[in-house]
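These notes are about the structure you will find just below.
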Amino acid sequence: MALQNRTREAILQGAKSEIAEVGSYESNMVDISTKAQVSRATVYNHFADKEEMILALIESEIERLTELAQKAPSPRDALYELSRNISKDPALAKMRTTDPADIAKFVTQTDHPLWRLAIENAMKVFGPTNGSLVVHWLISQIGSPLSEGESSIQADKISKSFL
(Lines give C-alpha, C1' and ligand atoms only; values in the text may rest on other atoms or scores of the structure.)
Protein backbone atom coordinates (compact mmCIF):
# COMPACT_ATOMS: atom_id res chain seq x y z
CA MET A 1 0.00 0.00 0.00
CA ALA A 2 2.81 2.44 0.84
CA LEU A 3 4.46 1.75 -2.54
CA GLN A 4 1.13 2.33 -4.29
CA ASN A 5 0.75 5.67 -2.52
CA ARG A 6 4.30 6.72 -3.42
CA THR A 7 3.70 5.73 -7.05
CA ARG A 8 0.43 7.67 -7.13
CA GLU A 9 2.14 10.72 -5.64
CA ALA A 10 4.96 10.43 -8.19
CA ILE A 11 2.39 10.35 -11.00
CA LEU A 12 0.60 13.40 -9.63
CA GLN A 13 3.88 15.28 -9.27
CA GLY A 14 4.79 14.25 -12.81
CA ALA A 15 1.44 15.59 -14.00
CA LYS A 16 1.94 18.88 -12.18
CA SER A 17 5.43 19.21 -13.63
CA GLU A 18 4.19 18.46 -17.15
CA ILE A 19 1.33 20.95 -16.81
CA ALA A 20 3.81 23.59 -15.64
CA GLU A 21 5.75 23.05 -18.87
CA VAL A 22 3.02 22.68 -21.51
CA GLY A 23 -0.36 23.34 -19.87
CA SER A 24 -3.10 20.86 -19.13
CA TYR A 25 -4.48 20.60 -22.67
CA GLU A 26 -1.11 19.73 -24.23
CA SER A 27 -0.05 17.39 -21.41
CA ASN A 28 -0.27 13.69 -22.15
CA MET A 29 0.00 10.45 -20.26
CA VAL A 30 3.23 9.39 -21.98
CA ASP A 31 5.12 12.51 -20.92
CA ILE A 32 3.56 12.37 -17.46
CA SER A 33 4.70 8.76 -17.02
CA THR A 34 8.21 9.76 -18.10
CA LYS A 35 8.31 12.60 -15.56
CA ALA A 36 6.97 10.26 -12.87
CA GLN A 37 9.53 7.61 -13.85
CA VAL A 38 6.87 4.93 -14.21
CA SER A 39 5.47 3.07 -17.19
CA ARG A 40 2.42 4.33 -19.03
CA ALA A 41 0.65 1.12 -17.91
CA THR A 42 1.33 2.09 -14.29
CA VAL A 43 -0.26 5.48 -14.87
CA TYR A 44 -3.34 3.78 -16.32
CA ASN A 45 -3.42 1.34 -13.38
CA HIS A 46 -3.92 4.36 -11.13
CA PHE A 47 -6.07 6.56 -13.39
CA ALA A 48 -8.54 5.65 -16.13
CA ASP A 49 -7.73 8.78 -18.12
CA LYS A 50 -6.20 12.24 -17.94
CA GLU A 51 -9.38 13.84 -16.60
CA GLU A 52 -9.47 11.45 -13.64
CA MET A 53 -5.79 12.16 -12.99
CA ILE A 54 -6.34 15.95 -13.12
CA LEU A 55 -9.20 15.66 -10.62
CA ALA A 56 -6.96 13.59 -8.34
CA LEU A 57 -4.24 16.24 -8.71
CA ILE A 58 -6.67 18.99 -7.69
CA GLU A 59 -7.79 16.94 -4.68
CA SER A 60 -4.17 16.32 -3.74
CA GLU A 61 -3.44 20.05 -3.98
CA ILE A 62 -6.43 20.87 -1.76
CA GLU A 63 -5.12 18.42 0.84
CA ARG A 64 -1.56 19.78 0.56
CA LEU A 65 -2.74 23.36 1.00
CA THR A 66 -4.93 22.36 3.94
CA GLU A 67 -1.94 20.76 5.68
CA LEU A 68 0.12 23.87 4.98
CA ALA A 69 -2.57 26.08 6.53
CA GLN A 70 -2.93 23.81 9.56
CA LYS A 71 0.81 24.06 10.27
CA ALA A 72 0.86 27.85 10.13
CA PRO A 73 1.30 29.61 13.49
CA SER A 74 -1.68 31.93 12.95
CA PRO A 75 -4.67 32.40 10.64
CA ARG A 76 -2.91 35.41 9.08
CA ASP A 77 0.19 33.33 8.34
CA ALA A 78 -1.97 30.54 6.93
CA LEU A 79 -3.76 32.97 4.60
CA TYR A 80 -0.48 34.47 3.45
CA GLU A 81 1.13 31.06 2.77
CA LEU A 82 -1.91 29.81 0.89
CA SER A 83 -2.03 32.97 -1.19
CA ARG A 84 1.65 32.76 -2.07
CA ASN A 85 1.41 29.06 -2.96
CA ILE A 86 -1.51 29.62 -5.31
CA SER A 87 -0.24 32.86 -6.82
CA LYS A 88 3.25 31.43 -7.49
CA ASP A 89 2.20 27.96 -8.63
CA PRO A 90 3.99 27.22 -11.93
CA ALA A 91 1.28 24.88 -13.24
CA LEU A 92 -1.42 27.49 -12.69
CA ALA A 93 0.81 30.16 -14.22
CA LYS A 94 1.20 28.09 -17.38
CA MET A 95 -2.50 27.30 -17.54
CA ARG A 96 -3.39 31.00 -17.34
CA THR A 97 -1.69 31.43 -20.71
CA THR A 98 -2.37 28.08 -22.38
CA ASP A 99 -5.67 26.87 -20.93
CA PRO A 100 -7.86 29.84 -19.95
CA ALA A 101 -11.05 27.78 -20.38
CA ASP A 102 -9.79 25.31 -17.77
CA ILE A 103 -8.94 28.20 -15.45
CA ALA A 104 -12.49 29.51 -15.92
CA LYS A 105 -13.83 26.09 -14.88
CA PHE A 106 -11.66 26.12 -11.74
CA VAL A 107 -12.86 29.52 -10.61
CA THR A 108 -16.55 28.90 -11.25
CA GLN A 109 -18.30 27.67 -8.13
CA THR A 110 -20.27 24.49 -8.64
CA ASP A 111 -21.65 21.68 -6.53
CA HIS A 112 -18.67 19.54 -7.57
CA PRO A 113 -17.29 17.44 -4.69
CA LEU A 114 -13.91 19.20 -4.97
CA TRP A 115 -15.55 22.57 -4.27
CA ARG A 116 -17.20 21.05 -1.20
CA LEU A 117 -13.89 19.52 -0.11
CA ALA A 118 -12.11 22.87 -0.43
CA ILE A 119 -14.77 24.67 1.61
CA GLU A 120 -14.98 21.93 4.26
CA ASN A 121 -11.20 21.95 4.66
CA ALA A 122 -11.10 25.75 4.87
CA MET A 123 -13.80 25.60 7.54
CA LYS A 124 -11.63 23.20 9.56
CA VAL A 125 -8.78 25.70 9.50
CA PHE A 126 -10.57 29.07 9.54
CA GLY A 127 -13.90 28.23 11.17
CA PRO A 128 -17.39 27.62 9.82
CA THR A 129 -18.17 31.27 9.15
CA ASN A 130 -14.89 32.00 7.35
CA GLY A 131 -14.27 28.91 5.22
CA SER A 132 -16.29 29.99 2.20
CA LEU A 133 -14.79 33.51 2.25
CA VAL A 134 -11.26 32.09 2.31
CA VAL A 135 -11.93 29.65 -0.53
CA HIS A 136 -13.43 32.36 -2.73
CA TRP A 137 -10.48 34.68 -2.00
CA LEU A 138 -7.97 31.94 -2.85
CA ILE A 139 -9.85 30.75 -5.93
CA SER A 140 -9.76 34.28 -7.33
CA GLN A 141 -5.97 34.05 -7.26
CA ILE A 142 -5.96 31.12 -9.67
CA GLY A 143 -6.98 33.49 -12.45
CA SER A 144 -5.48 36.66 -11.03
CA PRO A 145 -2.44 36.00 -8.83
CA LEU A 146 -1.33 38.43 -6.15
CA SER A 147 2.11 39.86 -5.57
CA GLU A 148 3.85 39.11 -2.30
CA GLY A 149 2.91 42.53 -0.95
CA GLU A 150 -0.72 42.17 -2.01
CA SER A 151 -0.87 38.72 -0.39
CA SER A 152 0.45 40.18 2.84
CA ILE A 153 -1.92 43.16 2.93
CA GLN A 154 -4.98 41.09 2.06
CA ALA A 155 -4.06 38.31 4.52
CA ASP A 156 -3.83 40.97 7.25
CA LYS A 157 -7.22 42.45 6.38
CA ILE A 158 -9.00 39.11 6.06
CA SER A 159 -7.54 37.68 9.27
CA LYS A 160 -8.61 40.82 11.20
CA SER A 161 -12.18 40.23 10.01
CA PHE A 162 -12.10 36.84 11.78
CA LEU A 163 -12.02 38.52 15.21
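At a glance:
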| item | result |
| --- | --- |
| Protection proxy ranking of 69-79, 8-18, 110-120 - average other beta-carbon atoms within 10 Å, highest first | 8-18, 69-79, 110-120 |
| Per principal axis, descending, Cα span of the stretch 1-72 in whole Å | 37, 30, 18 |
| Rel. contact order, % - alpha carbon contacts under 8 angstrom, at least six apart, the chain | 24 |
| Lys, Arg +1 and Asp, Glu -1 on Cβ, resulting dipole of the stretch 3-58 about Cα centre, debye, nearest 20 | 240 |
| Residue 153 - accessible surface, heavy atoms, 1.4 Å probe, Å² rounded to 10 | 100 |
| Heavy-atom accessible surface of the stretch 95-163: percent carbon and sulfur, 1.4 Å | 61 |
| Under Karplus coefficients 6.51, -1.76 and 1.60, residue-wise ³J(HN,Hα) of the stretch 141-153 in Hz, glycine/proline x | 7, 4, x, 9, x, 9, 6, 4, x, 5, 4, 5, 4 |
| Farthest toward positive dipole pole in the stretch 1-101 [+1 Lys/Arg, -1 Asp/Glu at C-beta], among 46, 85, 30 | 85 |
| Residue 28-residue 50 pseudo-label distance in nm [points 7 Å out on the Cα-to-Cβ vector] | 0.9 |
| 222 nm mean residue ellipticity, helices alone, for the chain (DSSP H n ≥ 4; -39,500 (n - 2.57); rounded to 500) | -25500 deg cm²/dmol |
| Residue-wise HN-Hα coupling along the stretch 101-118, computed from phi with Karplus coefficients 6.51, -1.76, 1.60 (Hz; x: Gly, Pro) | 5, 5, 4, 4, 5, 4, 8, 9, 5, 9, 9, 4, x, 5, 5, 4, 4, 4 |
| D_trans [Stokes-Einstein, Kirkwood Rh over alpha-carbon pairs] for the stretch 83-163, 20 °C, 1.002 mPa s, µm² s⁻¹ | 161 |
| Dipole of the chain, positive direction: furthest Cα of 74, 107, 142, with charges on the beta-carbon | 74 |
| For the chain, radius of gyration divided by Kirkwood radius, i.e. Rg to Rh on alpha-carbons | 0.99 |
| Per residue, in Å², the accessible surface of the chain once ligands and nucleic acids are set aside, probe 1.4 Å | 55 |
| Pairwise label distance in nanometres, residue 124 with residue 162, each label 7 Å out on the Cα-Cβ vector | 1.6 |
| Estimated dipole of the chain in Debye, rounded to 20 [Cβ of Lys and Arg +1, of Asp and Glu -1, Cα centre] | 320 |
| At most 15 other Cβ within 10 Å, DSSP loop - chymotrypsin sites (Phe, Trp or Tyr not before Pro), the stretch 5-67 | 25 |
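The values are calculated or read from the model by the stated rules, or taken from the named source; none is laboratory data. Please read these numbers as outputs of a predicted model, since none were measured by experiment. No Cβ is skipped: glycine too gets one built from the backbone with ideal geometry, and neighbour counts run over all protein chains shown. Just the protein is used for accessible areas: all its heavy atoms, side chains included, with ligands, DNA and RNA removed. Shrake-Rupley method; radii C 1.70, N 1.55, O 1.52, S 1.80 Å.
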